[in-house]
Amino acid sequence: MKRKILLMGKSGSGKTSMRSFIFSAYRPEDTKRLGSTIEVEHSHVRFPGNLVLNLWDCGGQKTYMESYMDTQKGNVFSAVGALIYVVDLVSTEDDDDTHEWDADLRYFR
């Protein structure tokens, strides 16, 4: 049984670090070396009992997010088993960053 899992959120929120730490046995300090995700990185994780997670680590740059919501909507969001939407609360603590928080909420919805 194969399940598609989307990792989404704005650029720099920690999606790839989470994926690497949880599914690829990276140490937390090793995730500092990871670069930005370009478009979508696909990986498969096998579990006992014939379960395979098809992880879609989606780049969070604004142009990619707009593309996922517009031109790639059918491909990205079809047959999704779960969506993990990562929000970076640390960089949105200032009142000046409320527009970023609003954008996060809009993309999530």
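What follows draws every value from the coordinates through simple rules; no lab data is involved. This one's a predicted model, so the numbers in the text were calculated from it and none came from an experiment. Neighbour counts are summed over all protein chains in view; Cβ atoms, including those assigned to glycine, are modelled from backbone coordinates with ideal geometry.
Note down the relative contact order for the chain as a percent, whole number, built from C-alpha pairs under 8 angstrom at least six residues apart. Let's see the in-between values first.
Values: 151 pairs, mean separation 42.2, N = 109.
About 39 percent, as a whole number.
Axis of helix 98-108 versus longest Cα principal axis of the chain: the two differ by about 30°, to the nearest ten degrees. Sequentially through region 66-83, phi angles give Karplus couplings (6.51, -1.76, 1.60; θ = phi - 60°) of 4, 5, 4, 7, 10, 6, 9, 3, x, 6, 5, 9, 7, 6, 7, x, 7, 10 Hz, Gly and Pro residues having no value and appearing as x.
Since only V80, V45, F21 are under comparison, the one whose Cα sits farthest along the positive direction of the charge dipole of region 2-108, derived from C-beta charges on Lys, Arg, Asp and Glu, is V45. Between region 71-91 and region 1-41, how many Å separate their Cα centres? The distance from the Cα centre of region 71-91 to that of region 1-41 comes to 13 Å.
Could you please rank D70, D30, D57, placing first whichever residue has the fewest other Cβ atoms within 10 Å of its Cβ? Show your work: numbers first, answer last.
On the way: D70 8, D30 13, D57 22.
Taking fewest neighbouring Cβ atoms as first place, the list is D70, D30, D57.
Once backbone amide H atoms are built at 1.01 Å from N, V86 has M8, G9 as its partners under 5 Å, excluding neighbours fewer than 5 places away on the same chain.
Would you kindly calculate the mean projected area, averaged across all directions, of the convex hull enclosing the Cα atoms of the chain, in square nanometres? Don't skip to the answer; put the middle values down first.
Details: hull surface 29.9 nm².
Orientation-averaged projected area of the Cα hull: 7.5 nm².
Here K32 is the anchor, and the lysines within straight C-alpha reach of less than 27 Å, apart from those fewer than 8 places off in the same chain, are K4, K10, K15, K62. Taking amide H atoms as placed 1.01 Å from N in the peptide plane, the amide H of T37 lies under 5 Å from those of G60, each 5 or more residues away in sequence or on another chain. The helix-based estimate of mean residue ellipticity at 222 nm for the chain, built from -39,500 (n - 2.57) per DSSP H run of four or more residues and divided by its residue count, is -8000 deg cm²/dmol to the nearest 500.
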